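Shown next, in structure tokens, is the structure this report addresses.
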Amino acid sequence: MCTCAAYFSAEFGLDESLPIYSGGLGILAGDHMKAAGDLGLPLVGVGIFYSCGYFEQRISESGTQEHLYPMLDPDRLPLEPVLDAGGRQLLVTVPLEGREVYLKALVARAGSAPVYLLSADTELNGEHDRRLTDRLYPGDPAVRIGQEIILGIGGVRLLAALGIVPGVWHMNEGHSAFLTLERIRMLSAEGVPFETALEAVKAATVFTTHTPVPAGHDIFSEELVDRFLGGYYWQLGTSRERILELGRAEGGFNMTRLAASASAKVNGVSRLHAEVTKKLFHRWMPHIPGEDIPVEAITNGIHTETWLSPEMKALFDRHLPQQWRAKAAKTELWEPIRDIPDRELWEAHEQAKGRMLRELGLPAAGGGRLPLVIGFARRFATYKRALLVFRDPERLARILRDAERPVVLVFAGKAHPADGAGQELIRGLSRLTADERFKDRVFIVPNYAMDIAKRLVQGVDVWLNTPVKPMEASGTSGQKAAVNGVLNLSVLDGWWCEGYNGRNGWAIPGAEELEDDARADQDSRALYELLENEVVPLYYSRGGDDVPGGWTAMMKESIVSLAPQFNTTRMVLDYWRTLYAPVSERGARFAADGFELARKVADYKRFIRSHWREVSVRHMEVASAQGTRIGLPSTVCRVEVVLGPIWHQDIRVEAVGPDGKGGIWKAPLTMVKQLGTGCYLYEGALPGDGALLAGANVRAMPVSPDFAHEFEMELAAWG
């Protein structure tokens, strides 16, 4: 038996030899596990082994993306079979459409951190079921929900079979949210009532959401959920309706909603993304202002050792303290970068760049001097706007084809097989590479994966990122580039909002207030101006030693300011301190003494919900008064609140209003008198600024010291 944190993810990007990832989510999961392994933290990963991985990409002469799915041979991969105590293949089962599907498991190692991968490809299953885990992110909803049952329910059963008892359960995106139902089922089998089990499960669960893009949030029809889990509901000790209620949102059963409903802590992957997520969740919690939705922020980072070029590693070994690899999150450790001679830094970068050009088969245009190379590599989704840089093709051609200052654009990325619009972007880009204006200046590198990504983030000069703000939740490719001295040229979105300091790269503001075409026009103009007036001139401003001193100064600033902050050592330690440790302690408290606290909270919530319809706020009055001893005026709010049988100390009453800065102000109101049975008078001082009182209102909401946050019940009664 061991106590640890369990990290569930639909994909893990551990190494290019194990292609069971599609992009940023999986790469982040792989880096998360590697950092935990480096730090010796007790973290186990749970995912799926996809027999065909994601897909290999070929791009035809017409620009059509072709999808190849070669079978992977586990015996040739860095995997080991998971065996039972008798040395046989360990097997677990999951319920699918009323039948049992068998699952075997393989394990990959991220240092000391194991990643367990489930597979349905076993002879005990029929051919249809064996193929369930063939492909990552299948387009068929029936296969997708089957995979998510395998990940969530199967993953919990696997850990139980291994004797692993996590103190914290971390869902990396909503794909694994069925794990919460399986944990409830296990408690129900021990005689724990459903609502008590739900509180116990919730107390020990963390959920990270990764995207505001609708396609990133799986929604299944209730009919499909019934079809797959109809014979499973009764095992949870409650009704079908109560279970579906946990995930009901956006016209179906929403896995993100299920994950949020059953978690003590929810976090976004950058500060901006946390704010965007609050607005997204506000649709589910309309009685709570978006600013109050309980979503925390832990900004993503990268596993430095994985993404740093050999040339830069050697440079850092020469100039940084000996322990720099183990202490990458220490800001002061990176300061010696500023003292590296410009030529030495530039030569290390040029070596990485030359290696990239050779290995990717790209021409080294510009005679003896390597050209300025700009890289754009990520998933081809429309919101990432891969073609924004081509908005004014004539202007771009003039920038790229300048004989004295040549510029090369390198693109890479895959579009999901079901994303027709993303594949059309690839076709459009392919046509542009054949255009005479861009020939030998614009290139596409096919089959984007970790090996290609490493070469690009290590070797280009500029990393271009042009998403529709605020659709980029975090983005980590720019962080990988930054630690290699590659400069970011990015829309001010995701992590770059936190990383950009005006001296370590370039920022495109991102015209959020404009419609699509107008926004694209403005953002592209800002991009061209930066290229013409700052990026290209700085790169080609050389001294007698042919080293661009201004450019290397910016490279140093980029490394020093970004490397210690945007790495997975800092990120994983943030998770451990702010989420894992408090949630582990909370989960233990809720499970103690036969789940006594979980039962108490469940009973309390049941009572509040059964009487909430009787709660109302009425007869609100706002008046000026001489409320201080020195005679300064204050504004007093008085309001009657009807609570029915609910105890007044279980309710918080406060005045709320907009603060004029995009947030809200809050003023507590105190119960001063009971007016009758279940009716109370509340009073309190409001902000003295009359402008802030416009739009003010009063709300009453249930509170408890045992809640994970004050809005846990998602209830509020407004005046």
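Given the criteria open to solvent by 10 Å² or more (accessible area, probe 1.4 Å), modelled with pLDDT under 85, touching a strand residue (DSSP E or B) at 6+ places or on another chain (Cβ under 7 Å) and not in a strand (DSSP E or B), does T635 qualify? Don't jump to the end; show me each part of the working.
Working: open to solvent by 10 Å² or more (accessible area, probe 1.4 Å): yes; modelled with pLDDT under 85: yes; touching a strand residue (DSSP E or B) at 6+ places or on another chain (Cβ under 7 Å): yes; not in a strand (DSSP E or B): no.
So T635 fails the test.
Is at least one residue of the stretch 1-10 open to solvent by less than 50 Å² (accessible area, probe 1.4 Å), closer than 22 Å to A453 by Cα and without any contact (Cβ under 8 Å) to a residue 60 or more places away in the chain?
no
Give me the residue from the stretch 597-625 that is open to solvent by 50 Å² or more (accessible area, probe 1.4 Å) and in a strand (DSSP E or B) and, out of that set, modelled with the lowest pLDDT.
Only one residue fits best here, namely S624.
How do the pairs read when you match residues in the stretch 82-107 that are more than 18 Å from Y50 (Cα to Cα) and touching a residue at least 60 places away in the same chain (Cβ under 8 Å) with residues anywhere that are open to solvent by 70 Å² or more (accessible area, probe 1.4 Å) and not in a strand (DSSP E or B), using Cβ under 8 Å and keeping only pairs 6 or more apart or on different chains?
Taking only residues 6 or more apart or on different chains, the pairs are E97/R227.
Would you mind listing the strands (runs of 3 or more DSSP E) fully within the stretch 670-713 where at least 3 residues are surrounded by 14 or more Cβ atoms within 10 Å (Cβ to Cβ)?
Here the list reads 679-686, 697-702.
Scanning for something over 30 Å from K666 (Cβ atoms), in contact with a Lys or Arg (Cβ under 7 Å, 6 or more places away or on another chain), open to solvent by less than 10 Å² (accessible area, probe 1.4 Å) and of a type outside the set (F, W, Y), does the stretch 320-331 turn up at least one residue? First the steps, then the outcome.
So the first thing to find is which residues in the stretch 320-331 are over 30 Å from K666 (Cβ atoms), and the list is 320-331.
Remaining after also requiring in contact with a Lys or Arg (Cβ under 7 Å, 6 or more places away or on another chain): 329.
When the remaining residues are screened for being open to solvent by less than 10 Å² (accessible area, probe 1.4 Å), the result is none.
No, the stretch 320-331 has no match at all.
Regarding the stretch 498-515, can at least one residue be identified that is in a helix (DSSP H, G or I) and of a type in the set (S, T, Y)?
No: the stretch 498-515 contains no residue that is in a helix (DSSP H, G or I) and of a type in the set (S, T, Y).
Could you tell me which of the residues Y116, Y137 is under 25 Å from the mean Cα position of the chain (by Cα), under 18 Å from G13 (Cα atoms), in a strand (DSSP E or B) and aromatic (F, W, Y)?
Only one candidate qualifies: Y116.
Of the residues that sit in the stretch 488-505 and are more than 23 Å from the chain's Cα centre (by Cα) and open to solvent by less than 10 Å² (accessible area, probe 1.4 Å), which one is farthest from N465 (Cα to Cα)?
Looking at the filtered set, the residue picked out is N504.
Can you report the number of residues in the stretch 642-664 which are closer than 16 Å to G719 by Cβ and open to solvent by less than 30 Å² (accessible area, probe 1.4 Å)?
Adding up the residues that qualify gives 8.
So which residues in the stretch 400-427 are open to solvent by less than 10 Å² (accessible area, probe 1.4 Å), in a helix (DSSP H, G or I) and either among the β-branched types (V, I, T) or under 19 Å from I374 (Cα atoms) (or both), if there are any at all?
Residues satisfying the conditions are L400, I426.
Touching a Leu at 6+ places or on another chain (Cβ under 6 Å) and modelled with pLDDT under 95: which single residue out of G695, G684 fits that description?
Only one candidate qualifies: G684.
Applying the selection to the stretch 556-575, what residues are farther than 20 Å from S309 by Cβ, hydrophobic (A, V, I, L, M, F, W, C) and open to solvent by less than 20 Å² (accessible area, probe 1.4 Å)?
If the condition is that a residue be farther than 20 Å from S309 by Cβ, hydrophobic (A, V, I, L, M, F, W, C) and open to solvent by less than 20 Å² (accessible area, probe 1.4 Å), then M571, V572 are the ones that fit.
Test of understanding: among D440, D451, which residue is surrounded by fewer than 20 Cβ atoms within 10 Å (Cβ to Cβ), out of contact with any Lys or Arg (no Cβ under 7 Å at 6 or more places or on another chain), charged (D, E, K, R) and in a helix (DSSP H, G or I)? So that I can check it myself, show each step before the final result.
Numbers: D440 fails: in a helix (DSSP H, G or I).
None of the others qualify; the one that does is D451.
Could you run through the stretch 366-399 and say how many residues are of a type in the set (K, R), open to solvent by less than 50 Å² (accessible area, probe 1.4 Å) and in a loop (DSSP other than H, G, I, E, B)?
Selection size over the stretch 366-399: 2.
Output yes when any residue across the stretch 306-318 is under 17 Å from L487 (Cα atoms), of a type in the set (S, T, Y) and out of contact with any Asp or Glu (no Cβ under 9 Å at 6 or more places or on another chain), and no when none is.
yes
From the list L14, L43, L18, L25, which one is of a type in the set (A, V, I, L, M, F, W, C), open to solvent by less than 10 Å² (accessible area, probe 1.4 Å) and within 20 Å of A453 (Cβ to Cβ)?
The match here is L18.
Quick grid of which residues meet (1) in a helix (DSSP H, G or I); (2) surrounded by fewer than 24 Cβ atoms within 10 Å (Cβ to Cβ):
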| position | (1), (2) |
| --- | --- |
| V156 | yes, no |
| L159 | yes, yes |
| M171 | no, no |
| L181 | yes, no |
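Could you give me the residue pairs with C-beta distances under 6 Å whose first residue belongs to the stretch 457-476 and is over 17 Å from L308 (Cα atoms), whose second residue is modelled with pLDDT under 95 and among the acidic types (D, E) wherever it lies, and which are 6+ apart or on separate chains?
From residues that are over 17 Å from L308 (Cα atoms), the pairs are K469/E512.
Checking the conditions here, which among R144, R130, R183 is free of Cβ contacts under 8 Å to residues at least 24 places away in the same chain and either in contact with an Asp or Glu (Cβ under 8 Å, 6 or more places away or on another chain) or within 25 Å of E245 (Cβ to Cβ) (or both)?
R130
Could you pull out the residue among T238, T256, T209, T205 that is open to solvent by less than 10 Å² (accessible area, probe 1.4 Å) and under 27 Å from D593 (Cβ atoms)?
Result of the check over T238, T256, T209, T205: T205.
Which condition number does G111 fail, the rest of (1) at pLDDT 95 or above; (2) on the phi > 0 side of the Ramachandran plot being met?
Checking G111 against (1) at pLDDT 95 or above; (2) on the phi > 0 side of the Ramachandran plot, the one that fails is (1).
Please tell me if L489 is in contact with a Leu (Cβ under 7 Å, 6 or more places away or on another chain) and among the aliphatic types (A, V, I, L, M).
On the way: in contact with a Leu (Cβ under 7 Å, 6 or more places away or on another chain): yes; among the aliphatic types (A, V, I, L, M): yes.
So L489 fits the description; yes.
Give the residue, chosen from L28, L41, L18, L14, that is closer than 21 Å to V583 by Cβ and in a loop (DSSP other than H, G, I, E, B).
On inspection, the qualifying residue turns out to be L41.
Kindly provide the set of residues from the stretch 532-548 that are in a helix (DSSP H, G or I) and either modelled with pLDDT under 90 or under 18 Å from D342 (Cβ atoms) (or both), ordered by number. Steps first, answer last, please.
As a first pass, look at the stretch 532-548 and keep what is in a helix (DSSP H, G or I): 532-539.
Correct list: P537, L538, Y539.
Can you confirm whether D521 is open to solvent by 30 Å² or more (accessible area, probe 1.4 Å) and either part of a loop (DSSP other than H, G, I, E, B) or of a type in the set (D, E) (or both)?
Values: open to solvent by 30 Å² or more (accessible area, probe 1.4 Å): yes; either part of a loop (DSSP other than H, G, I, E, B) or of a type in the set (D, E) (or both): yes.
Against the criterion (open to solvent by 30 Å² or more (accessible area, probe 1.4 Å) and either part of a loop (DSSP other than H, G, I, E, B) or of a type in the set (D, E) (or both)), D521 qualifies.
Could you tell me how many of the residues in the stretch 475-495 are part of a loop (DSSP other than H, G, I, E, B) and modelled with pLDDT of 95 or more?
Count: 8.
Give me the pairs: first residue in the stretch 580-597 and in contact (Cβ under 8 Å) with a residue 40 or more places away in the chain and of a type in the set (A, V, I, L, M), second residue in a helix (DSSP H, G or I) and surrounded by fewer than 20 Cβ atoms within 10 Å (Cβ to Cβ), beta-carbon distance under 8 Å, and six or more apart or on different chains, which are they?
Pairs found: L597/R589.
Can you report the number of residues in the stretch 577-592 which are open to solvent by 70 Å² or more (accessible area, probe 1.4 Å) and closer than 29 Å to P645 by Cα?
Counting residues in the stretch 577-592 that are open to solvent by 70 Å² or more (accessible area, probe 1.4 Å) and closer than 29 Å to P645 by Cα gives 1.
The values are calculated or read from the model by the stated rules, or taken from the named source; none is laboratory data. Since this is a predicted model, take the numbers as computed values, not measurements. Quick reminder, even Gly has a Cβ in these numbers, built from the backbone with ideal geometry, and neighbours come from all protein chains shown. Just the protein is used for accessible areas: all its heavy atoms, side chains included, with ligands, DNA and RNA removed. Shrake-Rupley method; radii C 1.70, N 1.55, O 1.52, S 1.80 Å.
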